[in-house]
1. Considering only residues that are among the hydroxyl-bearing types (S, T, Y) and open to solvent by 20 Å² or more (accessible area, probe 1.4 Å), look in segment 1-37 and name the one that is nearest to T54 (Cα to Cα).
2. Of all the residues that make up segment 38-49, how many are in a helix (DSSP H, G or I) and either touching a residue at least 24 places away in the same chain (Cβ under 8 Å) or open to solvent by less than 60 Å² (accessible area, probe 1.4 Å) (or both)?
3. Which of the following residues is open to solvent by 60 Å² or more (accessible area, probe 1.4 Å) and assigned to a loop (DSSP other than H, G, I, E, B): D134, D153?
4. Between I27, I34, I111, which is in contact (Cβ under 8 Å) with a residue 24 or more places away in the chain, among the hydrophobic types (A, V, I, L, M, F, W, C), assigned to a helix (DSSP H, G or I) and over 21 Å from E320 (Cβ atoms)?
5. Inspect all residues belonging to segment 274-296 and state whether any of them is of a type in the set (K, R), closer than 15 Å to D257 by Cα, assigned to a helix (DSSP H, G or I) and at pLDDT 95 or above.
6. Regarding F91, is this residue over 32 Å from the mean Cα position of the chain (by Cα), among the aromatic types (F, W, Y) and open to solvent by less than 60 Å² (accessible area, probe 1.4 Å)?
7. Can you list residue pairs whose Cβ atoms sit under 9 Å apart, with the first residue in segment 207-232 being closer than 19 Å to H148 by Cβ and in contact (Cβ under 8 Å) with a residue 24 or more places away in the chain and the second being of a type in the set (S, T, Y) and open to solvent by 50 Å² or more (accessible area, probe 1.4 Å)? Count only pairs 6 or more apart in sequence or on different chains.
8. Could you please let me know if K86 is open to solvent by 60 Å² or more (accessible area, probe 1.4 Å) and more than 30 Å from V336 (Cα to Cα)?
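The values are calculated or read from the model by the stated rules, or taken from the named source; none is laboratory data. Only a predicted model underlies this, so the values are computations on that prediction, with no experimental measurement involved. All Cβ positions, even for glycine, are placed from backbone atoms using ideal geometry, and neighbour counts span all protein chains on display. All accessible areas refer to the heavy atoms of the entire protein, side chains included, with ligands and DNA or RNA removed. Shrake-Rupley method; radii C 1.70, N 1.55, O 1.52, S 1.80 Å.
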Amino acid sequence: MIKLIKIDEESRIPKYKQIVDSILQNIANGNLKINQKIPSINSFSEEFYMSRDTVEKAYNILKERKIISSIRGKGYYITRTKLESKVNVLFVLNKLSAYKMKTYNSFINTIGANAHTDLHIYHCDETLFLNLMDKFEGAYDYYVITTHFKTDDLKHLSFTDEVAKAIQKIPEEKLVLMDNIKIGMEGEIIKIYQDFENDIYNALKEGLAKITKYEKLILVYPDKAVYPYPRRILHGFRKFCVEHEINFEILSEVYDDMILKKGDLFITIEESDLVNLMKQIRDEKFTLGKDIGVISYNDTPLKELLGITVMSTDFNVMGETVARMILNKEKGQVKVPFNFIDRNSI
């Protein structure tokens with residue numbers, strides 16, 4: 001089998017990728033069959049005079065794609081030969097929230113049986129993200145990536161220099177930037193994004209007639225959240241209030257035993273703040289939507305059931321659009337709709 005592998009010493013293609021591509025080509029040509037044994041990492045490195053780490057990286061990529069598997073004490077074997085029908089996608093999210101999963105599920109439902117998709121979560125942690133990018137370099141046909149990170153003091157970052165370098169290693173034709181694209185990357189890549197500042201500004205403008213019936217507009221922006229939110233949300237909120245001469249306040253959380261007054265209109269972002277606020281409104285016997293108003297950021301089925309007015313990205317459209325552009329091999333950028341959905345809470 002070792003004679004089937006072709007390594008070009010003059011090529012600029014990394015050696016580990018040449019190994020992966022050569023094995024895949026031999027599978028496609030029928031030279032390698034299911035359950036056929038392939039050389040050990042040591043044998044491979046000795047034959048081609050390359051480092052063991054290089055061969056191990058190639059084998060790990062093939063293992064992640066379920067092309068080969070290892071049996072302790074026996075070696076490596078071919079485990080999958082049907083390669084042509086599937087697009088392999090790495091789907092990388094910063095957190096596992098209800099609306100992020102709505103995007104993921106919409107993507108899976110739209111792309112259907114045409115792709116094999118692996119989901120990974122990096123929890124807004126730069127180190128976890130960089131480890132994922134290093135581990136899966138060259139292993140997938142498409143990399144669907146959201147970029148939301150946090151500093152040590154829990155401030156939001158769209159990216160860091162190291163994150164940018166890692167993403168720039170991905171070939172343009174394989175890269176999909178989703179949700180947050182403030183990373184300065186140009187070229188023929190797919191971008192499906194929210195415009196956080198203008199989205200909230202335009203949504204509030206849409207609800208202006210009802211908003212101006214209230215005495216004070218209060219945004220509860222969690223500045224110490226485990227998963228921080230873009231500060232562009234704050235910029236859009238302030239811009240709206242200043243331009244329309246609306247009395248406003250920004251709080252970091254809904255405090256227990258908070259002072260509530262008739263004529264207050266709250267905008268909440270985190271679910272815990274919404275729950276705490278609704279409980280206090282009920283306990284104080286205020287009438288929701290009349291005495292005190294509530295608008296929540298990002299829609300969920302529960303908010304719809306409870307009749308909570310929301311401002312929300314259409315996360316289903318986000319997932320569907322990513323899948324469609326991959327299937328149709330489209331390029332370019334698409335802004336996802338952001339809607340003001342008027343219900344019974346204002």
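1. To start, the set of residues in segment 1-37 that are among the hydroxyl-bearing types (S, T, Y) comprises 11, 16, 22.
If we keep only those that are open to solvent by 20 Å² or more (accessible area, probe 1.4 Å) too, we end up with 11, 16.
Details: S11: 15, Y16: 5 Å.
Here the answer is Y16.
2. If we filter segment 38-49 for residues that are in a helix (DSSP H, G or I), which is where we start, we get 41-48.
Checking the rest, the ones that are also either touching a residue at least 24 places away in the same chain (Cβ under 8 Å) or open to solvent by less than 60 Å² (accessible area, probe 1.4 Å) (or both) come to 41, 43-45, 47-48.
Qualifying residue count for the region: 6.
3. On the way: D134 fails: assigned to a loop (DSSP other than H, G, I, E, B).
After ruling out the rest, the residue left standing is D153.
4. Working: I34 fails: assigned to a helix (DSSP H, G or I); I111 fails: over 21 Å from E320 (Cβ atoms).
One residue alone meets the criteria, I27.
5. Of segment 274-296, the ones of a type in the set (K, R) are 279, 282, 285, 290.
Restricting the remaining residues to those that are closer than 15 Å to D257 by Cα gives 279, 282, 285.
Now restrict to residues that are assigned to a helix (DSSP H, G or I): 279, 282.
If we keep only those that are at pLDDT 95 or above too, we end up with 279, 282.
Yes, there is a match, as at least one residue in segment 274-296 is of a type in the set (K, R), closer than 15 Å to D257 by Cα, assigned to a helix (DSSP H, G or I) and at pLDDT 95 or above.
6. On the way: over 32 Å from the mean Cα position of the chain (by Cα): no; among the aromatic types (F, W, Y): yes; open to solvent by less than 60 Å² (accessible area, probe 1.4 Å): yes.
Answer is no for this residue.
7. Hits for this filter: P222/S272.
8. On the way: open to solvent by 60 Å² or more (accessible area, probe 1.4 Å): yes; more than 30 Å from V336 (Cα to Cα): no.
So K86 fails the test.
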